[in-house]
Amino acid sequence: MPRILVVDDDAAIVKLISVILSRAGHEVRTSSHPVEALDLLKVFTPDLIISDVVMPYMTGLEFLEQVRDHEHLSAMPFILLSSHAERTDVRRGMNLGADDYLPKPFTPADLTTAVDARLRRVGLTAQAESGTQAKGLGTAQVIWQGGQVSWVSRKALELFFYLLEHKEVTSWEAAEALWPEKDESRASSLFHTTLHRLRKSLSNEAVTSHNRKYALAPGLNPEYDVQRYELLAGQAEAGSLGYEELKELVGQYGTFLPGADSPWVDDVRSRLEQTQMNLLGLAARAASEAGKPKEAAQYHQRALSLDPMSEQDWKGLQAALDTLGDPRARMAEQREAWWATDFD
């Protein structure tokens, strides 16, 4: 999946581009400031950069110059965005090494055509139709052969994610995890029925069996959002991610497989919730160090929405609100979760 960095101080434009390109199958990261984007590029290498020309503190052309100064980014595909009044800068941008420019306003087709043309030039395309994506954070869906899988049963979907999480399992392990309330005979029967439905939803070769153990076929190899989230969380805890990446990472969190109700699902949710708590703490500290107490307060509040007993986040919230001169600092001191109160 090609990775694209979008840099623009206009939040509406950033959101528009992000939505269009995400729907087109790209992984999109964003930054509202070129200086922050340069920090992001120290730990994240995109396949293409899209940048506005006119931005405060540093123009898109200055940003382009600094990108080209880095050896590993010198050949990075770079698209400039410009309004009619700024197009006199386009020639200079092309001389500095920009690969293309996209005039504002643009249509979704204009954007995707320009992006696909640049990616094709460097041998990259959006995810191939044979690729598979498994999305379990805040949703429960599998993208396979270019489309969303229509599952024969909800339990077949759950079994798919169970195999994704546990790699290789016996029929009894899967049956006990998905139907803990059933006796052994009934649970085993349900497992084999659900396995048949999983294969029917994907293909007969989707699940392999060997020595009475079952696993997803090696060729399936889906991109799994939970795996990526936890991998990046490990990098964050090691101090390898900048603030902008932390902001994006905490935004990826969501309830694992909403609607599913099994003990193993609860275990995964607990694991991911603890990971998110750690990330929110890192993001709050980074926001404070960056002189952004409002954002720090928001991170502490989000953490308290997950764990209302987190004393560390109550203290952090109070400190951030004190810095802002926000009267709700007293409510935080009294451990009053005003955001959970219905005032109607």
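In table form, for the structure just shown:
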read-out	value
Above-threshold pairs, the threshold being 21 Å between Cα atoms, out of K15/K315; K155/K182; K15/K247; K104/K292	K15/K315; K104/K292
Amide H contacts of I4 (H built 1.01 Å from N, under 5 Å, at least 5 apart or other chain)	E27, V28, R29, D47
Straight-distance crosslink candidates among aspartates and glutamates, where the alpha carbon sits under 14 Å from K42 and sequence neighbours closer than 8 are dropped	D69, E71, E244, E245
Listed peptides 30-36, 319-325, 48-54 by packing density, highest first (mean Cβ within 10 Å)	48-54, 30-36, 319-325
Candidate lysines - alpha carbon under 16 Å from K213, same-chain residues fewer than 8 apart omitted	K167
Solvent-accessible area per residue for the chain (1.4 angstrom probe, square angstrom)	51
Sites K42 and R285, calculated FRET efficiency, Cβ-Cβ separation with R0 25 Å, nearest 0.05	0.85
Dipole axis of the chain (+1 Lys, Arg; -1 Asp, Glu on Cβ), positive-most option in Q145, F106, L321	Q145
Under the span-like rule (Cα at least 30 Å along the axis, Kyte-Doolittle mean at least -1.0), DSSP H helices of the chain	263-289
Neighbour cut-off at most 14 other Cβ (10 Å), DSSP loop, trypsin sites (Lys or Arg not before Pro), the stretch 295-344	R335
Estimated FRET transfer efficiency (D110, K15; beta-carbon r; R0 22 Å; 0.05)	0.85
Inter-part distance where the stretch 281-326 and the stretch 173-245 are each reduced to a Cα centre, Å	35
Carbon + sulfur, % of accessible area of the chain - ligands and nucleic acids excluded, 1.4 Å	48
Magnitude of the charge dipole, the chain, Cβ model with Lys/Arg +1 and Asp/Glu -1, debye to 20	920
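The values are calculated or read from the model by the stated rules, or taken from the named source; none is laboratory data. In this text, all values refer to a predicted model and were calculated from it rather than measured experimentally. Because the Cβ atoms are built from the backbone with ideal geometry, glycine has one as well, and the counts that use them run over all protein chains shown. All accessible areas refer to the heavy atoms of the entire protein, side chains included, with ligands and DNA or RNA removed. Shrake-Rupley method; radii C 1.70, N 1.55, O 1.52, S 1.80 Å.
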